[in-house]
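Novice: What follows is a single structure, and I will ask about it in a moment.
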Amino acid sequence: MDIAALREKHPEHWRTAAAIRTLTLDAVAAANSGHSGMPMGMADVATVLFGKHATFDPKAPDWADRDRFILSVGHGSMLLYSVLHLTGYDEVPLEEIKNFRQWGSKTAGHPESEYLAGVETTTGPLGQGIANSVGFAIAEEMLRAKYGRKIVDHYTWVMAGDGCLMEGVSQEAIALAGMQKLSKLIVFFDDNGITIDGKVSIADVTDQAKRFEASGWHVQSIDGHDPEAIDAAIEAAKADDRPSMIACKTHIALGSSAQDTAKGHGALTDAKLIADTKAAYGWEHGPFEIPADVKSTWEKMGERGAKAHAEWKERFAELSERKQAEFERAFARETPKALASKIRSFKKQAVEEAKSVATRKSSEMALGVINPVMTETVGGSADLTGSNNTKSGDMEVFGPDNRKGRYIHYGIREHGMAAVMNGISLHGGLRPYGGTFMAFTDYARGAMRLSSLMHQPVVYVMTHDSIGLGEDGPTHQPVEHLSMLRATPNTYVFRPADTVETAEAWEIALSTADRPSVLALSRQNLAPVRTEHKTKNLSQQGAYVLREAGEKRRAILMASGSEVEIAVKAREILEAEGIGVRVVSVPCMELFAAQDEAYRKRVLPAGPVRVAVEAGVRQSWDRLLLGERGREQKAGFVGMEGFGASAPAETLYKEFGITAEAVAEKVKSLL
Ligand SMILES: Cc1ncc(C[n+]2csc(CCOP(=O)(O)OP(=O)(O)O)c2C)c(N)n1
Ligand SMILES: [Mg+2]
């Protein structure tokens, strides 16, 4: 690469872009770790994008109508940190650049949205960012339709690398974006032909341009170091009514001896290499030193956005007070006032009707009262709408011809759906939920983990939650999933026992602003266990006494979801034999763990025999079976030890020994 020619042709652009390259070299050298090559390769694209096109206000990183910039290729974090620092984000002074990757710094190894307002989404797991970006673009379309172009009208810009495009989740997202004609989504592909193991061609010969075209995208290929070509491509992308992909041919670790090699992907820390590279750049400044004129060029980019922000504020003030309040409430993730009373009357009615209902159906009934009052919800399913019961009667389908629709047909793309929901949630102003079969949590897991890590209140409607789904057999029967989800930090896992608990789970999930919720719902009908109306949300405590012992209490049965009914029946058997049994319903272990010790001990006092019942593996129950002092109580578990089988549900429960009789026997064997 003839660096001298690049410098000569666009001297001002070159110096502006070199600030990203040299800050990257210096920060990676100081940390003695990181990834130098990507920011060095994509600095020209970033400079043109932020210099002329992206609208953002460094002094108001949370401005609702800012353009969203998503660094899908998260290992190139120094590109983002450099831009945030150079344009004047208060949270990224030079100190933060110098503390790259250190304990307590905001400039983590990969961009973490929780640490830094200018980071729109946490990236690092390749492919997630580009899939998130589809959610951002969908959210923008929806909110534009809802509030008008004067209030919501922004772009979603993405940088994705070879790795992002090789990951399968990218295809799920790309296909959805193309079908949805998300014209304000513009992806820059860092087409450098290099990954960690060497050339891309050792593992992939896909024609990426054709792949995007096949999914309905507008595609261009350019020299990613030519500022004029970059600018023209962005203009063309904006003008097209499809999502755009701009393949930018770049040189990884541009201008260094590691250029165009896999070595250039990682940390370039050798002092001579850095000195030689800076010399090639014509950069005669010390480490971390940015000349005033270059810094000022970058700051002016932010000032352009500040002006746009001020104009936006004037337009926002022209909205009716009601609209303003609604907008602000939704972005603050507060529930509408009417929600609590709607849930209360729904619960009352459910108790009065006392019907046996599958909790997936209970969920649909609850959504029927929630969605009309909480108009920021966005529903969806991965092609299982009729099974997940996720579409309430009032919801229209979102599509290119109906941006007011609030229901998304995600297609058979569980991972993509979860990642897109993260994007919708991160955008703000909307509350996404989506469904699939619980066994396919595994497919969605990569993005679900990030909902938890990023504190996003996405709601996962996971139906067909056990062997209780019956004949579809072991591929479809989750066994280990409840324990796996409960092991994930910062996640609520609800497994409601009937219609009342399902409504309570929804109320909590939607009133929670800082973590995802998983609703594990049954395919089969469940008899109501909440037979008395209580206005209080009992599920809020995670576990509560559902039935008190009639005789002197000698055993405590704990259960969730479909097995609560079994525990209640087992209690009846035992009480008839003079054995006092308390039944504790456990709709959410995480909420129970969050209660104070006094409450936990009241619900689960030491002494009585404990037996837990759940049509899944035992693992997550051990904490409750062991007791507060961590000492083994006389405890037992009735549940699954391996995979399920294909047969009618009643047969499976009998064959796997998850019955009231088996529970009663287990208790007696422990007494
Ligand atoms: C899901 C996932 N798998 C693997 C990795 C480890 N990893 C980090 S970067 C990378 C190679 C990425 O190549 P590319 O996107 O071309 O980036 P470049 O080398 O061009 O900077 C890999 C495998 C990861 N971060 N995420
Ligand atoms: Mg690459």
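The values are calculated or read from the model by the stated rules, or taken from the named source; none is laboratory data. Keep in mind it's a predicted model, so treat the numbers as computed, not measured. All Cβ positions, glycine included, derive from the backbone under ideal geometry; neighbour counts span all protein chains shown. Calculation scope for accessible area: heavy atoms of the full protein, side chains included, ligands and nucleic acids excluded. Shrake-Rupley method; radii C 1.70, N 1.55, O 1.52, S 1.80 Å.
Novice: Any idea how many residues of segment 236-267 are surrounded by 22 or more Cβ atoms within 10 Å (Cβ to Cβ), within 11 Å of ligand 1 (Cβ to nearest atom) and either under 21 Å from D207 (Cα atoms) or among the polar types (S, T, N, Q) (or both)?
Specialist: 2
Novice: Kindly indicate whether K391 is in contact with an Asp or Glu (Cβ under 9 Å, 6 or more places away or on another chain) and either within 23 Å of A444 (Cα to Cα) or among the hydroxyl-bearing types (S, T, Y) (or both). Even if it seems obvious, please write down each step before you answer.
Specialist: Numbers: in contact with an Asp or Glu (Cβ under 9 Å, 6 or more places away or on another chain): yes; either within 23 Å of A444 (Cα to Cα) or among the hydroxyl-bearing types (S, T, Y) (or both): yes.
Yes: the conditions hold for K391.
Novice: Scan segment 359-377 for residues that are within 21 Å of the chain's Cα centre (by Cα) and open to solvent by 10 Å² or more (accessible area, probe 1.4 Å) and jot them down.
Specialist: T375
Novice: Of the residues that sit in segment 212-268 and are β-branched (V, I, T) and within 15 Å of ligand 2 (Cβ to nearest atom), which one is farthest from V158 (Cα to Cα)? Let's see the steps before the verdict.
Specialist: Step one: filter segment 212-268 for residues β-branched (V, I, T), giving 219, 222, 230, 234, 246, 250, 252, 261.
Then keep just the ones that are within 15 Å of ligand 2 (Cβ to nearest atom); that gives 250, 252, 261.
Details: T250: 16, I252: 18, T261: 24 Å.
Among them, the one singled out is T261.
Novice: Still on this model: Starting from segment 312-329, keep only residues that are over 13 Å from D65 (Cα atoms), then list their pairs with residues that are surrounded by fewer than 13 Cβ atoms within 10 Å (Cβ to Cβ) and not polar (S, T, N, Q) whose Cβ atoms are within a distance under 7 Å, requiring at least 6 positions of separation or different chains.
Specialist: none
Novice: Moving on. List the residue pairs whose Cβ atoms are under 9 Å apart, where the first residue sits in segment 353-379 and is more than 19 Å from I408 (Cα to Cα), the second is in a strand (DSSP E or B) and hydroxyl-bearing (S, T, Y), and the two are 6 or more positions apart or on different chains.
Specialist: These pairs meet every condition: A358/T463; T359/T463.
Novice: Any residue at all in segment 358-374 that's assigned to a loop (DSSP other than H, G, I, E, B) and at negative phi? Talk me through it step by step, then tell me what you get.
Specialist: Just the residues of segment 358-374 that are assigned to a loop (DSSP other than H, G, I, E, B), to begin with: 374.
Add one more test, that the residue is at negative phi, and what stays is 374.
There is at least one residue in segment 358-374 that is assigned to a loop (DSSP other than H, G, I, E, B) and at negative phi.
Novice: Sort out which residues of segment 71-128 are surrounded by fewer than 24 Cβ atoms within 10 Å (Cβ to Cβ), within 16 Å of ligand 2 (Cβ to nearest atom) and of a type in the set (A, V, I, L, M, F, W, C), and write them in order of number.
Specialist: Across segment 71-128, the qualifying residue is only L126.
Novice: A further question follows. Scan segment 181-190 for residues that are surrounded by 21 or more Cβ atoms within 10 Å (Cβ to Cβ) and either near ligand 1 (Cβ under 9 Å from one of its atoms) or over 18 Å from M40 (Cβ atoms) (or both) and jot them down.
Specialist: The answer is L182, K184, L185, I186, V187, D190.
Novice: Could you grab me the full set of residues in segment 591-628 that are within 24 Å of M484 (Cα to Cα), in a loop (DSSP other than H, G, I, E, B) and among the charged types (D, E, K, R)?
Specialist: Step one: filter segment 591-628 for residues within 24 Å of M484 (Cα to Cα), giving 591-595, 600, 604, 610-628.
Narrowing further to those that are in a loop (DSSP other than H, G, I, E, B): 594-595, 604, 615-618, 627-628.
Answer for segment 591-628, where residues must be within 24 Å of M484 (Cα to Cα), in a loop (DSSP other than H, G, I, E, B) and among the charged types (D, E, K, R): R618, E628.
Novice: Related question: Could you give me the residue pairs with C-beta distances under 9 Å whose first residue belongs to segment 568-593 and is aromatic (F, W, Y), whose second residue is assigned to a helix (DSSP H, G or I) and open to solvent by less than 10 Å² (accessible area, probe 1.4 Å) wherever it lies, and which are 6+ apart or on separate chains?
Specialist: Correct list of pairs: F592/V603.
Novice: How do the pairs read when you match residues in segment 5-18 that are in the same structural domain as P39 (by the TED database) with residues anywhere that are among the hydroxyl-bearing types (S, T, Y) and assigned to a helix (DSSP H, G or I), using Cβ under 6 Å and keeping only pairs 6 or more apart or on different chains?
Specialist: T16/T47; T16/T297; A17/T47; A18/Y281
One line per residue, one yes/no per condition, for (1) closer than 24 Å to S425 by Cβ; (2) modelled with pLDDT under 95; (3) open to solvent by 20 Å² or more (accessible area, probe 1.4 Å):
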site: N32; (1), (2), (3): no, no, yes
site: V48; (1), (2), (3): no, no, no
site: K52; (1), (2), (3): no, no, yes
site: A64; (1), (2), (3): yes, no, no
